[in-house]
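One structure is given below, encoded as structure tokens.
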Amino acid sequence: MTLPTAAIPTETRTAPAKAAAASPEGRTPASTTPGAFGGASETSADFETFLKMLTTQMRNQDPLNPIESSDFAVQLATFSGVEQQVLTNQLLSGLAEQSGAPRGLADYAGWIGMEARSASPVAFDGEPAELVLSPDPAADRGLLLVRDEAGRVVQEIPLAPGTERVVWEGAASPTGALPDGVYEISARWLSGGEVLGETPAQSYASVAEVRVDPAGQVELLLESGFTVAASSVTAVRTGQAG
């Protein structure tokens, strides 16, 4: 008996399906195997392609010569492996996003021993301190205000308009210097008799340690004993010789 021509597909199996069935040890063809180091999106695309290939093969198989059960089992196992690879890559991507702080530690480790600039208090030990200011462009004069640990203003130094850097020597008067200690230094900018604003002075301090705070943010421990957020540092330079 001769079957109608339309009843027999022109190909008993699609070319990709043959490659899948013939590949040794149940491996999928190279075009559908997700790369070991590929991202989740790439693996997901391969997963969808594999699913379409498998369903197309089942739909177009020759009814007189159906796919062998062993071949079908191999392809199902491969299908499951691809699915697991997708889930694994998604999990690894999530872990990588959550581990941003530890990676940050490695990024900032090179700062140890260098001098970081931030708006932290100045630990005065008799040595001059280089200060960086943020002048108000509308100001016609300024004042450098030095406060002790009790918050009292112990020194006022006039500033010219537009002053961006100043070396503070800790001298409270021509005949004496302030005692060693911690001082908060800021610049007050004025126009006529009006106060335009007051901004903290930035100073340099050597970085002794890089660590992660309880909130997961990277912070720097300075040799002065203060800690500052790494994100608040505005400049880093090689440590100056003593």
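What about ARG147, is it of a type in the set (Lys, Arg), more than 23 Å from THR238 (Cβ to Cβ), free of Cβ contacts under 8 Å to residues at least 12 places away in the same chain and surrounded by fewer than 17 Cβ atoms within 10 Å (Cβ to Cβ)?
The answer is no for ARG147.
I need the full set of residues from the range 135-157 which are part of a loop (DSSP other than H, G, I, E, B) and in contact with a Gly (Cβ under 9 Å, 6 or more places away or on another chain), in order please. Write out each step before concluding.
Pass one, the range 135-157, residues part of a loop (DSSP other than H, G, I, E, B): 135-140, 148-152.
Those that are part of a loop (DSSP other than H, G, I, E, B) and in contact with a Gly (Cβ under 9 Å, 6 or more places away or on another chain): PRO135, ASP136, PRO137, ALA139, ASP140, ASP148, GLU149.
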Selection from the range 203-230 of residues closer than 19 Å to LEU131 by Cα, surrounded by fewer than 20 Cβ atoms within 10 Å (Cβ to Cβ) and among the polar types (S, T, N, Q) yields SER206, SER224, THR227
Find the strands (runs of 3 or more DSSP E) located wholly in the range 158-242 whose residues include 1 or more that are β-branched (Val, Ile, Thr), and list them. 165-168, 181-191, 194-200, 202-212, 218-222, 227-229, 235-237
Out of (1) assigned by TED's automatic domain parsing to the domain that holds LEU221; (2) at pLDDT 70 or above, what's the single condition that is false for ALA73? (1)
When the range 161-216 is examined, which residues are found to be of a type in the set (Ser, Thr, Tyr) and in contact with a Phe, Trp or Tyr (Cβ under 8 Å, 6 or more places away or on another chain)? TYR183, THR199
Answer from ALA109, ALA116, ALA123, ALA101 - the residue that is modelled with pLDDT of 75 or more, assigned to a helix (DSSP H, G or I), of a type in the set (A, V, I, L, M) and within 30 Å of GLY239 (Cβ to Cβ): ALA109
Are any residues in the range 210-230 in contact with a strand residue (DSSP E or B) (Cβ under 8 Å, 6 or more places away or on another chain) and either assigned by TED's automatic domain parsing to the domain that holds VAL167 or of a type in the set (Gly, Ala, Ser) (or both), and if so, which ones? SER224, GLY225, ALA229, ALA230
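The values are calculated or read from the model by the stated rules, or taken from the named source; none is laboratory data. Since the structure is predicted, the reported quantities are computational estimates derived from the model, not experimental observations. Don't worry about glycine lacking a Cβ; one is built from the backbone with ideal geometry, like all the others, and counts go over all protein chains shown.
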